[in-house]
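Below you'll find the structure, written out as structure tokens, and then a few comments.
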């Protein structure tokens, strides 16, 4: 029983990381129809940013969060501006293109940082944990959860309160009408890439708290993040949150009861079964206009 | 104000427009008529820039806009109400208007009130997502959205199609007021002959991607013109 309960923070923190990664994917997928296979490498870039910054100052880890956001965000912006925008409307081509970019970036990381994994030392204040009602809550995992909550609330406020967020929702819902309303849709697309990639970078920093950093870090999470996107419904914030939590717990508990590979198989089966019942995901655009 | 000359347009390899020419003088209301599938909507999309012509030239106020991106045409003073009462379904009525206001050059909040004075009923639905409005309400929202940009040319694609009769009257009255009283230049695609007859200064009839007839509204009574419009 104790072990079962102790699995709780693990499931929650996996959900938190998946959510940070899936947010960027669901926006780029929902808004531009781009399946960005290179998204995982923005996670890696964020993680290596934390690695490079560690030891520079006493608060390197906290500084790494915004820096990783900027580094990964700019990488995303550059990718959109240089390549992806030339391939809009061609989903299979963007899939191949971004997969190629993903391979190039992984090799680049191998050349620069070496193939073996490196370790980021967690700051002292994140070592240890606290016992709450018999549940062991490790500080590092709790920090990841708080980080994700802050990011999601931030994104939600951005989408619902700020003019730029309103523009983004408008483009997601009807790109042509957005242009007819005077919105520079190309600029909105570029900013969406910046935001989504930046969040992946933040997820990368978070991941350094629970495991080593290597060139293949992104590939490990990207498939699960895509599952979150598909199960949650494209471009849907609520859906991504729910699906990430469901998948995070499913992953951690199934791994606990069986083993890592069988857990993956079972998660896939669960997702396939879910999509048979609800192919559109948990949430979709609603309203009379779309019936 | 708007001049379309010798414009060809195509969706991929399927050509839809063949050397279309059109003149919308400042202060006039020009109606484009014709059966379904003759290229009326395609012409409007080419005018607004969602479709780039393969040949020909479009000018607005003397400026060549043939290759100008859509959002810049809107900021230059062209507004478009697409066919089928389109809105951002998950944004509230207020957000639909606000997002348009924020994208305009002037950003004058008074523009929202001006647009709502044309369709006061919209105020009741401010907080409701646009997707939950009826077709007629959404069409009013669509026109209000276009007016917020303070256009000098209003382009309307079948504004009365699929709209309940009571709202048709309101929309007609609004377009009439905007044109007659505010002097707004209007380019209108309309199948509904009575509406066109009452409002238009001149009209063009399209068939199979070409303009087959152009003239003053009085000629619309001609047997020949009526025959061209018959389904």
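Laboratory data are not the source of any read-out in this text; all were calculated from the coordinates shown. Here the structure is a predicted model, which means the values were calculated and not measured. No Cβ is skipped: glycine too gets one built from the backbone with ideal geometry, and neighbour counts run over all protein chains shown.
Odds and ends about this structure:
- Cα gyration tensor shape for the stretch A:177-291, rounded if a/c is under 1.5, else prolate or oblate: oblate
- Chain A: angle of helix A:237-257 to the longest principal axis, Cα-based, in degrees nearest 10: 30
- Compactness ratio for the stretch B:18-63: Cα radius of gyration over 2.2 N^0.38 Å (N = residue count) comes to 1.20.
- Helix-only CD estimate at 222 nm, as mean residue ellipticity for chain A, using -39500 (n - 2.57) per DSSP H run (n ≥ 4): -24500 deg cm²/dmol
- Sites residue B:67 and residue B:207, calculated FRET efficiency, Cβ-Cβ separation with R0 30 Å, nearest 0.05: 0.60
- Counting 0.36 nm for each residue step from residue A:56 to residue A:95 and taking away their Cα separation leaves a gain of 10.3 nm.
- Taking other C-beta atoms within 10 Å as the exposure proxy, A:132, B:178, A:83 rank A:132, A:83, B:178 from fewest upward.
- For the residues of B:81-93, the average number of beta carbons from a partner chain within 10 Å of their own beta carbon is 4.
- Highest-first arrangement of B:90-96, A:219-225, where packing means the average Cβ count within 10 Å: B:90-96, A:219-225
- Neighbour-count order for A:48, B:80, fewest beta carbons within 10 angstrom listed first: A:48, B:80
- Summarising the strand pairing of the protein assembly as shown, around 60 percent of its internal DSSP beta bridges are antiparallel.
- Cα long-axis angle, helix A:91-113 against chain A (0 to 90 degrees, to the nearest 10): 40
- For the stretch A:153-202, the square roots of the Cα gyration tensor eigenvalues, ordered a ≥ b ≥ c, give a/c of at least 1.5 with a/b no greater than b/c, which places it in the oblate category.
- A simple spin-label model places pseudo-atoms 7 Å from Cα toward Cβ; at residue B:23 and residue A:4 they are separated by 8.4 nm.
- Simple label model, 7 Å out from Cα along Cβ direction - residue A:210 to residue A:119, nm: 1.9
- Rounded to the nearest 10 degrees, the inclination of helix A:139-161 to the longest alpha-carbon principal axis of chain A is 20 degrees.
- Across peptide B:142-153, the average count of Cβ atoms from other chains found within 10 Å of a residue's Cβ is 1.
- Here residue B:107 and residue A:127 are evaluated by their C-beta separation; at R0 = 60 Å the FRET efficiency comes out at 0.70.
- Here the extension length gained between residue A:238 and residue A:272 equals 10.2 nm, from 0.36 nm per residue of separation less the Cα-Cα distance.
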